[in-house]
1. Answer yes or no: is there a residue in the range 55-66 that is in contact (Cβ under 8 Å) with a residue 12 or more places away in the chain and in a helix (DSSP H, G or I).
2. Go through Gly44, Gly49, Gly35 for me and flag whichever is in a loop (DSSP other than H, G, I, E, B), closer than 30 Å to Asn22 by Cα and not β-branched (Val, Ile, Thr).
3. Any residue in the range 73-100 that's in contact (Cβ under 8 Å) with a residue 24 or more places away in the chain: show its pairings with residues that are of a type in the set (Gly, Ala, Ser) and assigned to a helix (DSSP H, G or I) at Cβ separation under 8 Å, as long as the two are six or more apart or on different chains.
4. Regarding the range 6-27, can at least one residue be identified that is not in a helix (DSSP H, G or I) and not small (Gly, Ala, Ser)?
Amino acid sequence: MQIRTWLFVIILGAIGALAALNWTAFNTPTQLWLGVTTVQAPLGLVMLGLTATLTAFFLMLIIYLQSSVLLEARRHAKELHAHRERADQAEASRFTELHRYLELEMQAASKQDLALQEALLERLERLDIGVLAAIEQSGNAVAAHIGELEDRLERGGNAETANRLA
């Protein structure tokens, strides 16, 4: 318990102990002036009754204040929970939007990669055709040179053979 509660219990206990120890004095009737008339009543019991009434009033006031604070705190907690849920939903929608954006960017990048790959393959094919044509031309040129050399050798070789025979 809190210090205020202990203090309250101690004070009530002291009042109760004082009333119990002096019960005969509390019950002694006296004349009480009420502003309009005079009444014969025990002053201690009247004061004890007023103290009990005041204590009950303040206890009710404390209970009312605590319950209103508790209800207000509960209302604030509900509002906070609602705000937190809206923030979570907004965050989730931002994540979803980011995910969609990244997917679109990845698709665009893959399309661009495919286009570049196709262009590269097409260029390699053209280069391959060019290299094959160059190799064929080189082969033809070499064959022509070899043929020419053979032809020269045959012509030169036949004249030399004829000269030897003659």
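1. Yes, some residue in the range 55-66 is in contact (Cβ under 8 Å) with a residue 12 or more places away in the chain and in a helix (DSSP H, G or I).
2. Gly35
3. That search, which allows pairs on different chains as well, returns nothing.
4. Looking through the range 6-27, at least one residue is not in a helix (DSSP H, G or I) and not small (Gly, Ala, Ser).
Rule-based calculations on the coordinates, nothing more; no lab input. Note that the coordinates shown come from a computational prediction; the quantities given were computed from them, not determined experimentally. Note: ideal-geometry Cβ built from the backbone for every residue, glycine included; neighbour counts use all protein chains shown.
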